[in-house]
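Encoded as structure tokens, the structure appears first; notes follow it.
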Amino acid sequence: MQLVEVTLDSEEAVCDVLAQIFTHIKSVQEDIARLNLQSMEKINDLIFNSGVEVDEKTFVALQHQDILTQQLNAVGELSEMLQKHLENFDNFETLESKFLSALEIAKAKKEAYRGNAF
């Protein structure tokens, strides 16, 4: 395998592509979060307007919706954090370290937000 020298132009190109990817991820996350919120509002309206008693299965489903919201927000936060690291790009070694740190934070949030769903 031949090693390719990374030049400033190629570093900038990689950072630009990564920034576009994170922007896309954030956009998708926001769309899903908006749909999730609309779904929750409709479910809540149905429950309260119809006077339906919430059974255990419905209660668990509502808890899962809340977990989805928290997990989606964590994905958005990770995307924003990674984008900020790209904006302050020094070199790939520093970027790797910052990305790994952000990943550890994201993993901790995933674990904290998982509730009893898994």
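The values are calculated or read from the model by the stated rules, or taken from the named source; none is laboratory data. For clarity, every value in this text was computed on a predicted model and none was experimentally measured. Quick reminder, even Gly has a Cβ in these numbers, built from the backbone with ideal geometry, and neighbours come from all protein chains shown.
General remarks:
- Exactly one residue out of THR7, THR69, THR58 is among the hydroxyl-bearing types (Ser, Thr, Tyr), under 17 Å from the mean Cα position of the chain (by Cα) and modelled with pLDDT under 90, and it is THR69.
- Condition broken by GLN29, with the remaining ones in (1) polar (S, T, N, Q); (2) more than 23 Å from GLU104 (Cα to Cα); (3) touching a Gly at 6+ places or on another chain (Cβ under 8 Å) satisfied: (2)
- Residue in the range 66-75 that is among the polar types (S, T, N, Q) and closer than 21 Å to CYS15 by Cα present: no
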